Amino acid sequence: MTHSIQVINPGILTLIQDAGRFGQHSVGLTTGGPMDPLAFKWANRLVGNDEHASALETTIGGLKFKVNCNTQVAVTGATVTVKVNGKPQPQWQTLNLNASDELELGYATQGCRIYVAFATGLKVAPQFNSTSTVVREGIGGLNGKGVQAKDDILLNDHTIEDSCWQLPESGRPVYENEVTLRLIPGYQDAHFSRHEQRMFFYHEYQVSDLCDRMGYRLTGPKIHCDIEGILSEGICLGAVQVPKDGQPIVLMNDRQTIGGYPKIGSVLSLDLAKLAQLTAGGKVKFAPITIDHAHNELALAQYRYRQQTLVAVNEEMK
Amino acid sequence: MRIHVAGENSLIVYFGENVSNDVSLAIQHTSEYLSQFVGETLVDLVPSYASLLVIFDALRTDHLHVRGLIRQAQNQAQQGSDAQDNAVVRLPVFYGEQTSPDLAAICEKSGLTREQAIEIHQQTLYRVYAIGFAPGFAYLGETDERIAMPRLATPRKKVPKGAVAIADRQTAVYPAVSPGGWNLIGCCPTPMFDPKGNPTMPVKAGDAVQFYAIDEAEFIALGGDLNAWKEL
């Protein structure tokens, strides 16, 4: 028998993701991948997977599925109720599931991106070297679409361990409604006057309703740029573009690969993950850092992630 | 050449202020040289009109090293600057009545006849300046000024796959059904983006492209489909 999960309800939006799609910008394909990579990697590590194994990203919540085999799962990311056969279970911990168990997510109370990883990972055929789903492109996942009710998603064939692990609370990210985004000034920053830059870094912005995997549109004091448009050029992850209306847009994983709006710089990826956990109404401030500082922060975060150990738990859920 | 920081893992290299053949060639040569490092220290490259975005793995290298690679690429490019000309990719176009809903407006603006406008579109040897907007969407430039046309005031909700279109002095083939505001003047039966194909696209950034007219029978024989155009 093939091992699989049967989706009963995909919730608001559930997408199959791996690390993302790289080296394919030359044909216009974007990156995709988990909006909160740290939570994604922990979900995989908790079930003994390679940290970039294919897993599910659910936005807001509502996902419900049934497994047809004994397996292990872990739910990380946004704070949400997790129930197995109706019984509440912890997040950030390995859960043992038996064949025909049903797991159901509630709706996120803090943050909005939830990750569900399965022991040995989802078995999905990669497209352009990745299983990451980019709905706009119709690429990745199952037939380029989000997960649908009645989808049968295969698991890699596996022998299952039953030891359970937990990420100690001290090692878990904290999701807040107000975040400071460290920004590396760059691109067309010279076209924003000193006054405009001070305005930008001084004021608070709000996440608008227009926020998705492609970009987060913010509302707040207008930022003026000397130029309205530029020759279209490559856009990196986290780039902050400022169109004519002066309202910044932070470009996320599913961004278009080229565009012609001026950009004031790019957000540090570590903070982009915090932004990705915000929904409309969330508050944002920007703080400038140098690229060297950014590299130090990235190296430090990677060191901390590698040093962090999991704690064994006595499994007594059944 | 100016190198700017774009983000924690990206540098953007500006080769000039405007679009030109020299700029485009320099971008192509630099991009080709750097492509050998993609998958190692470099993650991806995005060539565009006058710039090249170089994305690197910030945990394996840093921007100083990447600046070095870019300079190295440029030196190499200068040494081999009279390298081979690009092959010309020829793409068939059916400039039929039903596949050219916006040709009349172009003719009205320019005073050209249909035949003249179609002829002019085929005469230019275009360059692929950038690929983006959607998978497989290649921006080709520059069209003859006489057939240049601003984007439609109201974009269409559904442009058929293969639609050959003009916006200002750019022309392109829509690789898939999508919304779009470009002026439609024909349809190309050659798939511009085939996820299962090898290569995925018939063109790449820097390539030269020329269009040639085909009739309806040839269009259908090459796999063209007129049904989508009936719903416009």
Considering the stretch B:173-198, residues that are of a type in the set (A, V, I, L, M) and surrounded by 22 or more Cβ atoms within 10 Å (Cβ to Cβ), and then whichever is nearest to B:SER20 (Cα to Cα), we arrive at B:VAL173
Exactly one of A:ASP292, A:ASP271 is surrounded by fewer than 15 Cβ atoms within 10 Å (Cβ to Cβ) and either of a type in the set (Asp, Glu) or touching an Asp or Glu at 6+ places or on another chain (Cβ under 7 Å) (or both), and that residue is A:ASP292
Over the stretch A:301-311, the set of residues under 19 Å from B:PHE56 (Cα atoms) and away from chain B (no Cβ under 11 Å) is none
A careful count of residues in the stretch B:4-24 that are touching a Phe, Trp or Tyr at 6+ places or on another chain (Cβ under 8 Å) and more than 11 Å from chain A (Cβ to nearest Cβ) gives 1
Going through the stretch B:199-232 in order, the residues found to be surrounded by 17 or more Cβ atoms within 10 Å (Cβ to Cβ) and within 14 Å of chain A (Cβ to nearest Cβ) are B:THR200, B:MET201, B:PRO202, B:VAL203, B:LYS204, B:ALA205, B:GLY206, B:ASP207
Picking from A:ASP271, A:ASP292, the residue that is modelled with pLDDT of 95 or more, more than 29 Å from A:SER132 (Cβ to Cβ), within 12 Å of chain B (Cβ to nearest Cβ) and in a helix (DSSP H, G or I) would be A:ASP292
Out of (1) in contact with a Lys or Arg (Cβ under 8 Å, 6 or more places away or on another chain); (2) crowded, with 17+ Cβ neighbours inside 10 Å; (3) closer than 21 Å to A:MET214 by Cβ; (4) not hydrophobic (A, V, I, L, M, F, W, C), the one A:THR131 does not meet is (1)
Condition set modelled with pLDDT of 95 or more and of a type outside the set (S, T, N, Q), scope the stretch A:177-188, selection farthest from A:PRO37 (Cα to Cα): answer is A:PRO185
Counting only residues in the stretch B:25-68 that are among the polar types (S, T, N, Q) and more than 25 Å from A:ILE230 (Cβ to Cβ), the one nearest to the other protein chains (Cβ to nearest Cβ) is identified as B:THR61
Among residues of the stretch A:193-242 being within 14 Å of chain B (Cβ to nearest Cβ), farther than 15 Å from A:ASN253 by Cβ and of a type outside the set (Val, Ile, Thr), the residue surrounded by the fewest Cβ atoms within 10 Å (Cβ to Cβ) is A:GLY229
In the stretch A:154-196, anything without any contact (Cβ under 8 Å) to a residue 60 or more places away in the chain and within 29 Å of B:VAL5 (Cβ to Cβ) is listed as A:ALA190, A:SER193, A:ARG194, A:HIS195, A:GLU196
Log entry, pairs with first residue in the stretch B:155-168 being under 17 Å from B:ALA138 (Cβ atoms), second being aliphatic (A, V, I, L, M) and in a loop (DSSP other than H, G, I, E, B), beta carbons closer than 6 Å, six or more apart or on different chains, reads B:LYS161/B:ALA176; B:LYS161/B:VAL177; B:ASP168/B:ALA148
Wholly inside the stretch B:141-230, strands (runs of 3 or more DSSP E) that include 3 or more residues that are at pLDDT 95 or above are B:163-167, B:170-173, B:183-187, B:208-213
Note to self: Please determine whether any residue of the stretch A:31-52 is within 14 Å of chain B (Cβ to nearest Cβ) and among the aliphatic types (A, V, I, L, M).
What the structure shows: yes
Answer with yes or no whether B:ALA130 is outside the structural domain of B:SER35 (by TED's automatic domain parsing), in contact with a Lys or Arg (Cβ under 8 Å, 6 or more places away or on another chain), within 30 Å of B:ASP22 (Cα to Cα) and not β-branched (Val, Ile, Thr). no
Residue in the stretch A:63-70 that is closer than 29 Å to A:GLN24 by Cβ and not charged (D, E, K, R) present: yes
Picking from A:LEU38, A:LEU95, the residue that is touching a residue at least 40 places away in the same chain (Cβ under 8 Å) and either more than 19 Å from A:LYS274 (Cβ to Cβ) or in contact with a Lys or Arg (Cβ under 6 Å, 6 or more places away or on another chain) (or both) would be A:LEU95
Only unsatisfied item for B:VAL128, checking (1) in contact (Cβ under 8 Å) with a residue 24 or more places away in the chain; (2) more than 14 Å from chain A (Cβ to nearest Cβ); (3) out of contact with any helix residue (DSSP H, G or I) (no Cβ under 7 Å at 6 or more places or on another chain), is (2)
message = Scan the stretch A:276-289 and tell me whether some residue there is within 21 Å of A:GLU51 (Cα to Cα), over 23 Å from the mean Cα position of the chain (by Cα) and more than 14 Å from chain B (Cβ to nearest Cβ).
response = no
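Residues are listed down the side, and each one gets a yes or a no for (1) under 30 Å from B:VAL164 (Cβ atoms); (2) assigned by TED's automatic domain parsing to the domain that holds B:ASN183:
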residue: B:LEU45; (1), (2): yes, no
residue: B:PHE56; (1), (2): no, no
residue: B:ARG71; (1), (2): no, no
residue: B:GLY96; (1), (2): yes, yes
Within the stretch B:26-56, residues touching a Ser or Thr at 6+ places or on another chain (Cβ under 8 Å) and touching a residue at least 40 places away in the same chain (Cβ under 8 Å) come out as B:ILE27, B:HIS29, B:VAL46, B:PRO47, B:SER48, B:TYR49, B:LEU52, B:LEU53, B:VAL54, B:ILE55, B:PHE56
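The values are calculated or read from the model by the stated rules, or taken from the named source; none is laboratory data. All values reported here derive from a predicted model rather than from experimental measurement. Cβ coordinates were reconstructed from backbone atoms using ideal geometry, including for glycine residues, and neighbour counts include every protein chain displayed.
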